[in-house]
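J.: Can you read through this structure? Questions will come right after.
The values are calculated or read from the model by the stated rules, or taken from the named source; none is laboratory data. Quantities reported herein were computed from a predicted structural model and do not represent experimental measurements. Backbone-built Cβ (ideal geometry, glycine too); neighbour counts: all protein chains shown.
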Amino acid sequence: MTHDYDCVVIGLGILGSSVAHHLAAAGARVLAVDRFSRSHDLGSSSGDTRIVQHLVFGGSAYTSLLHRALGAWNELEREADERLFFPKPALLVGPENSQLLSLALRGDSRDSKGLRVLGRPDLRRLHPGVSFTPSDIGVLDESAGLLWAHRCVETVQRLAKEHGAQLRFGVRAKVDWSRTTRNSARVRLQNDLASIEAGSVVIAAGSWVGQLLPRTLRRIFSVERIVQYWFEDDGFEDSEARPNHAQLTTLMLDRTNELHAVVPSLKQPHLHKVMSARGQSVFEQAEVERTVSISEQESIRRWHSRNFPDHPRTLKRFAVCTYTTTADDHFVIDHVPATSVVLASACCGRGFKVAPVLGRTIASMITTGRSPAELEPFRLQRPGLS
Ligand SMILES: Cc1cc2nc3c(=O)[nH]c(=O)nc-3n(C[C@H](O)[C@H](O)[C@H](O)COP(=O)(O)OP(=O)(O)OC[C@H]3O[C@@H](n4cnc5c(N)ncnc54)[C@H](O)[C@@H]3O)c2cc1C
């Protein structure tokens, strides 16, 4: 049978864009669509920065992906002639027995290179603007860095187009499961009356994934609402108390099991972002509260003044974004049973850095029809999801 396309990719966040790039580079005829405009900020891949660090928080399932991540970004930088990655150390702070520090210090969590443990005197000397507690220690990950997120997405999309992929925005897609088999898939595009026959489909729809799946698979995913807050670093140019987090990829603070990350802005160096590692979980996108309440704003101001007591606290702006989670907190990358549809969900707040590696792997799953062993932990049939 002749298909309209070899593959339709649904979703043009960083993951779908990376899959489209690698498929098109391998010579496949690719159509990739996104339901929103090119630079929308409702999904998981928007914004200024994403962190790359070599502490393997998700466990050994991610080790090999992480080891290849930086090489893959460097390769993209060369192909696109763009700077996407900015190396800077990451600093994790908390009591030794806190969740963050015990994970960071666990032998199997880390890539051996570039990790340094800092005692409180070092922390105070290096970061005089932060309020440390007597039990705090730090772990400095010197191999970390920041990805310029929106530039990464734009660059990968540009490369996908240059390799011949067709990209369309403002087009919502739906899989017609009744006409989808192991060899062929039918996709309906909301804005067109016609439907498309493709050899395969990749669903990379981020936290909208549930809306595209057969009912039996929807229950696997939930949506995490995260609020990002930007504070201004003003009036501290020559002061001892100026927080040094501008020199870091991130300062992560674990305070009584409440984990926050402070991340400098690449686009606007006078701003830094603060966000909690865990947000509120809801069942689907439509339930996500898109406004930020006064009490949420007050609470983050209080957090800021507790942790940076000598720092002016000008909350400049905030934004709600979402990512997908599963019950066992791991990615899902697998064929939907008995179909040629691959479900690709780099969920759980750690997917950006490994997206080019996953994009290549998923493209090869499509072209060879085989799922590599390293994706075994992310299969649909696994104990954590049953
Ligand atoms: C605040 C925040 C901070 C994070 N920090 C880090 C970090 O520091 N490091 C890291 O590695 N990871 C981080 N992550 C996680 C990472 O950003 C995500 O894993 C990654 O961006 C997921 O990309 P995606 O392409 O799967 O999803 P998305 O970027 O959400 O893209 C999905 C796309 O699918 C489209 N879509 C949905 N339904 C349809 C449809 N029916 N038809 C057509 N299109 C559709 C949507 O419009 C959307 O553009 C963070 C996430 C968040 C939210």
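J.: State whether one or more residues within segment 22-42 are over 16 Å from the mean Cα position of the chain (by Cα), more than 10 Å from the ligand (Cβ to nearest atom) and basic (K, R).
T.: Yes, that holds for at least one residue.
J.: I would also like to ask the following. Go through (1) on the phi > 0 side of the Ramachandran plot; (2) surrounded by 14 or more Cβ atoms within 10 Å (Cβ to Cβ) and name the single condition V292 misses.
T.: Single failed check for V292: (1).
J.: Another one. Restricting to segment 247-280, give me the number of residues that are buried (at least 16 other Cβ atoms within 10 Å of the Cβ) and among the charged types (D, E, K, R).
T.: Number satisfying all stated conditions: 3.
J.: Collect the residues in segment 40-52 that are under 20 Å from T325 (Cβ atoms) and not in a strand (DSSP E or B), keeping them in residue-number order.
T.: Within segment 40-52, the subset under 20 Å from T325 (Cβ atoms) is 41-47, 50-51.
Those that are under 20 Å from T325 (Cβ atoms) and not in a strand (DSSP E or B): D41, L42, G43, S44, S45, S46, G47.
J.: Now for a separate question. Inspect all residues belonging to segment 287-296 and state whether any of them is of a type in the set (G, A, S), assigned to a loop (DSSP other than H, G, I, E, B) and not assigned by TED's automatic domain parsing to the domain that holds I51. Give the derivation first.
T.: Residues of segment 287-296 that are of a type in the set (G, A, S), as a first pass: 293, 295.
Still in the list and also assigned to a loop (DSSP other than H, G, I, E, B): 293.
Then keep just the ones that are not assigned by TED's automatic domain parsing to the domain that holds I51; that gives 293.
Yes: one or more hits.
J.: A follow-up question, please. Mind listing whichever residues of segment 65-95 are farther than 15 Å from L147 by Cα and modelled with pLDDT under 90?
T.: Within segment 65-95, H67 is the sole residue that qualifies.
J.: Got a sec? Which of S305, S276, S295 is among the polar types (S, T, N, Q) and either in contact with a strand residue (DSSP E or B) (Cβ under 7 Å, 6 or more places away or on another chain) or within 13 Å of the ligand (Cβ to nearest atom) (or both)?
T.: Working: S305 fails: either in contact with a strand residue (DSSP E or B) (Cβ under 7 Å, 6 or more places away or on another chain) or within 13 Å of the ligand (Cβ to nearest atom) (or both); S295 fails: either in contact with a strand residue (DSSP E or B) (Cβ under 7 Å, 6 or more places away or on another chain) or within 13 Å of the ligand (Cβ to nearest atom) (or both).
Of the residues listed, the single one that is among the polar types (S, T, N, Q) and either in contact with a strand residue (DSSP E or B) (Cβ under 7 Å, 6 or more places away or on another chain) or within 13 Å of the ligand (Cβ to nearest atom) (or both) is S276.
J.: Further, regarding this structure: Considering only segment 364-371, I want to know if a residue exists there that is touching a helix residue (DSSP H, G or I) at 6+ places or on another chain (Cβ under 7 Å) and either of a type in the set (S, T, N, Q) or surrounded by 17 or more Cβ atoms within 10 Å (Cβ to Cβ) (or both).
T.: Residues of segment 364-371 touching a helix residue (DSSP H, G or I) at 6+ places or on another chain (Cβ under 7 Å): 366, 371.
Those still in the list that are either of a type in the set (S, T, N, Q) or surrounded by 17 or more Cβ atoms within 10 Å (Cβ to Cβ) (or both) too: 366, 371.
Checking segment 364-371: at least one residue is touching a helix residue (DSSP H, G or I) at 6+ places or on another chain (Cβ under 7 Å) and either of a type in the set (S, T, N, Q) or surrounded by 17 or more Cβ atoms within 10 Å (Cβ to Cβ) (or both).
J.: Exactly one condition in (1) buried (at least 22 other Cβ atoms within 10 Å of the Cβ); (2) not in a loop (DSSP other than H, G, I, E, B) is false for V130; which is it?
T.: Every listed condition holds for V130 apart from (2).
J.: Another question, if that's okay. Any chance segment 147-160 includes a residue that's under 20 Å from P337 (Cα atoms) and among the aromatic types (F, W, Y)?
T.: Residues of segment 147-160 that are under 20 Å from P337 (Cα atoms), as a first pass: none.
No, segment 147-160 has no match at all.
J.: Considering each of T322, T367 in turn, give the residue that is touching a strand residue (DSSP E or B) at 6+ places or on another chain (Cβ under 7 Å) and touching a residue at least 60 places away in the same chain (Cβ under 8 Å). I'd like the intermediate steps shown before the answer.
T.: On the way: T367 fails: touching a strand residue (DSSP E or B) at 6+ places or on another chain (Cβ under 7 Å).
It is T322.
J.: Residues that are touching a strand residue (DSSP E or B) at 6+ places or on another chain (Cβ under 9 Å), farther than 30 Å from D310 by Cβ and near the ligand (Cβ under 10 Å from one of its atoms): find the helices (runs of 4 or more DSSP H) completely inside segment 148-232 holding 1 or more of those.
T.: Working: elements: 149-162, 209-212, 215-218.
Result: 149-162, 209-212.
J.: Right, something else. Do the conditions hold for R38, that is, is it of a type in the set (D, E, K, R) and touching a His at 6+ places or on another chain (Cβ under 9 Å)? So that I can check it myself, show each step before the final result.
T.: Numbers: of a type in the set (D, E, K, R): yes; touching a His at 6+ places or on another chain (Cβ under 9 Å): no.
No; evaluated as a whole, the condition is false for this residue.
J.: What do you reckon, is G59 out of contact with any Lys or Arg (no Cβ under 6 Å at 6 or more places or on another chain), at pLDDT below 85 and on the phi > 0 side of the Ramachandran plot? I'd like the intermediate steps shown before the answer.
T.: Details: out of contact with any Lys or Arg (no Cβ under 6 Å at 6 or more places or on another chain): yes; at pLDDT below 85: yes; on the phi > 0 side of the Ramachandran plot: yes.
Taking the combined requirement at face value, the residue satisfies it.
J.: Only one of these is at pLDDT 90 or above, closer than 30 Å to T63 by Cα and within 16 Å of the ligand (Cβ to nearest atom): T322, T326. Name it.
T.: Values: T322 fails: at pLDDT 90 or above.
Going through T322, T326 in turn, just one is at pLDDT 90 or above, closer than 30 Å to T63 by Cα and within 16 Å of the ligand (Cβ to nearest atom): T326.
Table: residues versus (1) in contact (Cβ under 8 Å) with a residue 40 or more places away in the chain; (2) of a type in the set (K, R); (3) touching a Pro at 6+ places or on another chain (Cβ under 6 Å).
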{"site": "A61", "(1), (2), (3)": "yes, no, yes"}
{"site": "R68", "(1), (2), (3)": "yes, yes, no"}
{"site": "E77", "(1), (2), (3)": "no, no, no"}
{"site": "F85", "(1), (2), (3)": "yes, no, no"}
{"site": "G94", "(1), (2), (3)": "yes, no, no"}
{"site": "L103", "(1), (2), (3)": "yes, no, no"}
{"site": "R120", "(1), (2), (3)": "no, yes, no"}
{"site": "S135", "(1), (2), (3)": "yes, no, yes"}
{"site": "S143", "(1), (2), (3)": "yes, no, no"}
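J.: Of all the residues that make up segment 335-355, how many are surrounded by fewer than 20 Cβ atoms within 10 Å (Cβ to Cβ) and not in a loop (DSSP other than H, G, I, E, B)?
T.: Matching residues across segment 335-355 total 1.
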